[in-house]
Amino acid sequence: MTIAPPFSPTPRQRRHAEPRVGPTSAPTTPILTVDLGTVRDSYRQLHAALPGVDLHYAVKANPSQPVLDALLDEGACWDVASPGEIDVVLAVDPDPARISYGNTVKKPFDIGYAHARGVRQFSVDCDAELDKLIDLAPGATLLVRIATSGAGADWALGQKFGCDEVTAGRLLARAVTHGHPVGICFHVGSQQHEVTAWDEPLATTTRLRGVVRARGSDLAVVDLGGGFPAHGADPTPDVSSFGNAIMAAVGRSLGPDVPPLMAEPGRALVADAGTLETEVVLVSERAGRRWVYVDVGLFSGLAETMGEAIRYRITAHRDGRPLRGRVADVVLAGPTCDSVDILYQQHRPQLPLDLRVGDRLRIHATGAYTTTYSSVGFNGFAPLREVHR
């Protein structure tokens, strides 16, 4: 048997393969940096825009402990979707009364586990789920989730979750009959651009409140959901515009006797705090189009570019200095050997014409739904790392 000699790279190969070292060297990419000061500022701005509304942070957006600690300091409550998220939250905030279990699809074990740990608020959108909650979460507050169109949102959520008004009325009546406090929840879609998106579900909430009152009860809470946007590539109204429109709609729909209100912001609290740094791996021309390949992709944190739904702002730099000059449209793709790992083909961001291998891109407003979407190790690429400052 012949044994091959150990590989010895040439000087040229070493220049490409070895990381730069020294005080000016950039961190290994891809890497997400989250500014905790921006997280705190985002919470304060939304809290001011929605006076009297309890903000339950959607933990799935970014469950890292430094982020949770920062939000806890500001007074946030929690929206969770699994026993794992319950454990993560209770590790930083031991009060389960501040948790709302917003996922409408739960195993019986998950409901029992949450109830045993002290969680007393759950969401539901069908009879089969209500049966489980009546059996396994006695006395808990049950929020019936109504469907919305998701119109105006980049990432609509209407197909998988929520029920129609007639079904919601039946579920509310059943829950009241079994001794549960009840509420109504909805979600107008993630990265919402229309400040009036809350008007229709709030009008539905008013009609359903009549169903509950006819049974001698009232709504214990109305959950306004999420949808508050980050600053992506497309312009969006500012947070105060959303707050003014939503609170006006609350006043029109629910009148002077407004039930307790909560919301489930995720993206709006952490996305703008995050910057994802990625390295250019290849620049090429294919069929008359300019392609740029980077070392982060659909499977390593940018799942929300699926269908080009979430369009991030992107800037380029070389050795820490911004690249300026002429730009051109590009197709942006990730590094894996999978043909669907294309981030933008129709949206086509503009990047500098002199962009070359080794340059860096900064993908902005990526503090939400990136590290949690990153695969364990598809194609042997490591999961997306996150650091905080």
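Every number in this text was worked out from the coordinates using simple rules, so none of it is lab data. Computed from a predicted structure; not experimentally measured. Here the Cβ positions follow ideal geometry from the backbone for every residue, glycine too, while neighbour counts run over all protein chains shown.
Sorted from fewest to most neighbouring beta carbons within 10 Å, what does the list Ser82, Ser374 look like?
Ser82, Ser374
Could you give me the ³J(HN,Hα) list for segment 191-205, computed from phi with Karplus coefficients 6.51, -1.76, 1.60 and θ = phi - 60°, whole Hz, x at Gly and Pro?
Along segment 191-205, the couplings run 6, 7, 9, 9, 5, 8, 5, 7, 4, 5, x, 5, 5, 4, 4 Hz.
Return one number: the angle in degrees, 0 to 90 and rounded to the nearest 10, between the long axis of the Cα atoms of helix 239-254 and the longest principal axis of the Cα atoms of the chain.
The angle comes out near 20 degrees.
Specify the inter-centroid distance of segment 32-86 and segment 112-184, based on alpha-carbon positions, in whole Å.
Comparing the Cα centres of segment 32-86 and segment 112-184, I get a distance of 23 Å.
What order do you get for 322-332, 295-305, 167-177 when each peptide is scored by the mean count of other beta carbon atoms within 10 Å, highest first?
295-305, 167-177, 322-332
In degrees, nearest 10, range 0 to 90: what is the angle between the Cα axis of helix 36-49 and the longest Cα principal axis of the chain?
30
Have a look at Leu224, Ser240, Pro181 and report the one farthest towards the positive end of the charge dipole of segment 36-270, computed about the Cα centre with Cβ charges (Lys/Arg +1, Asp/Glu -1).
About the Cα centre, the residue reaching furthest to the positive side is Pro181.
Can you list residues whose amide H is under 5 Å from Ala365's amide H, if they're 5+ apart or on another chain and H is modeled 1.01 Å from N?
Here the answer is Gly274, since their amide H atoms fall under 5 Å of that of Ala365.
Could you give the length gained on full extension between Glu308 and Arg289, defined as 0.36 nm per residue of separation minus the Cα-Cα distance, in nm?
That works out to 5.1 nm of additional length.
Give me D for segment 325-389 in µm² s⁻¹, whole number, from Stokes-Einstein with Rh from the Kirkwood sum over alpha-carbon pairs, 37 °C and 0.692 mPa s.
D = 233 µm²/s.
Using the Cα centre as the reference, give the magnitude of the dipole from point charges on the C-beta atoms of the chain (Lys, Arg: +1; Asp, Glu: -1; all else neutral), rounded to the nearest 20 debye.
920
Wrap a convex hull around the Cα atoms of segment 42-161, take a quarter of its surface area, and give that in square nanometres.
The number I arrive at for segment 42-161 is 8.1 nm².
Given the options Ile99, Gly52, Ala273, identify the residue whose Cα lies farthest towards the positive end of the charge dipole of the chain (+1 on Cβ of Lys, Arg; -1 on Cβ of Asp, Glu).
Selected residue: Ala273.
Could I have the simple spin-label model distance between Arg44 and Ser241, label points 7 Å from Cα toward Cβ, reported in nm to one decimal?
With each label placed 7 Å out from Cα toward Cβ, I get 2.4 nm.
If packing is taken as the average count of other Cβ atoms within 10 Å, what order do 61-73, 130-142, 229-241 fall into, highest mean first?
Ranked by mean Cβ neighbours within 10 Å, highest first: 61-73, 130-142, 229-241.
If R₀ is 51 angstrom, what is the calculated FRET efficiency for the pair Leu353 and Asp73, using the beta carbon separation as r and rounding to 0.05?
0.65
Determine the calculated [θ] at 222 nm for the chain from helices alone, applying -39500 (n - 2.57) to every DSSP H run no shorter than 4 residues and normalising by the residue count; nearest 500 deg cm²/dmol.
Using -39500 (n - 2.57) per qualifying helix, the result is -8500 deg cm²/dmol.
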